[in-house]
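The values are calculated or read from the model by the stated rules, or taken from the named source; none is laboratory data. Since we're looking at a predicted model, the values are computed, not measured. Note that each Cβ is placed from the backbone with ideal geometry, even for glycine, and that neighbours are counted across all protein chains shown. Keep in mind that these areas ignore ligands, DNA and RNA; they rest on the heavy atoms of the full protein, side chains included. Shrake-Rupley method; radii C 1.70, N 1.55, O 1.52, S 1.80 Å.
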Amino acid sequence: MFSTYFQLGFEHITDLNGYDHMLFLLALCAAYVYSDWKKILVLVTAFTIGHSITLALAVLNIIPINGAWIEFLIPVTIVATAAKNIIAKQGKAATATYLMALGFGLIHGMGFSNYLRSLLGDELLMPLFSFNIGLEVGQLLVVSIIFLVQFVLINTISVKHKHWNVVVSLIAGGISLLLAAQRIPF
């Protein structure tokens, strides 16, 4: 059972059809450099914790979910993250950034709950635990690829980090703005 839900969590974050998750990670990482790996680990883990909390609450039917609003809010969180990257000074308000990642994880967690609820049987703890471990491992893989690309661009063609941050944030934010516009639940 562990491997099944681990794989499901891993694929949830690495599935190219669900690229909004990767866009969020891209926007989350854009303001940082590879040497900030500890900060990124905390950010990604904060996101996973938020994701885990609402995923569990939604699967248990403790919080109601309006899928249309969640699908709209997910790209809005990416736009907000990208905007923060461009507007905020690097290194400022680190606690606020961690809280933002946690809060946005709460929103993202609700996005997968209906599907996961349909898969779960009577046991809940182990499937949720293994799903979230798979999710975290998948996120760390995506983040590693993002920082590998960043490292290559900064060290081989001398892209300045501030340019990387702005361009990557604009791309992630722009795509997400289009997604949000397509998903307005009215």
Answer yes or no: is there a residue in the range 93-100 that is touching a residue at least 60 places away in the same chain (Cβ under 8 Å), in contact with a helix residue (DSSP H, G or I) (Cβ under 6 Å, 6 or more places away or on another chain) and either in a helix (DSSP H, G or I) or of a type in the set (Ser, Thr, Tyr) (or both).
no
**Study point:** Residue check for Ala180: surrounded by 16 or more Cβ atoms within 10 Å (Cβ to Cβ), at pLDDT 95 or above, out of contact with any Pro (no Cβ under 7 Å at 6 or more places or on another chain) and under 18 Å from Leu25 (Cβ atoms)
**Key:** no
When (1) within 15 Å of His51 (Cβ to Cβ); (2) surrounded by 14 or more Cβ atoms within 10 Å (Cβ to Cβ) are applied to Leu99, the one that fails is (2)
(1) open to solvent by less than 70 Å² (accessible area, probe 1.4 Å); (2) in a helix (DSSP H, G or I); (3) over 13 Å from Ala27 (Cα atoms); (4) β-branched (Val, Ile, Thr) all hold for Val159 apart from (2)
If we keep only residues of the range 102-136 that are surrounded by fewer than 17 Cβ atoms within 10 Å (Cβ to Cβ) and small (Gly, Ala, Ser), then the residue modelled with the lowest pLDDT is Gly121
Expected output for the range 161-182 (first residue closer than 13 Å to Thr81 by Cβ, partner of a type outside the set (D, E, K, R) and open to solvent by 70 Å² or more (accessible area, probe 1.4 Å), Cβ below 6 Å, 6+ apart or cross-chain) is Ser169/Ile86
Within the range 130-156, residues being within 15 Å of Thr45 (Cα to Cα) and either out of contact with any helix residue (DSSP H, G or I) (no Cβ under 8 Å at 6 or more places or on another chain) or in a loop (DSSP other than H, G, I, E, B) (or both) number 1
Expected single match for under 26 Å from Leu170 (Cβ atoms) and of a type outside the set (Ser, Thr, Tyr) among Ala58, Ala80 is Ala80
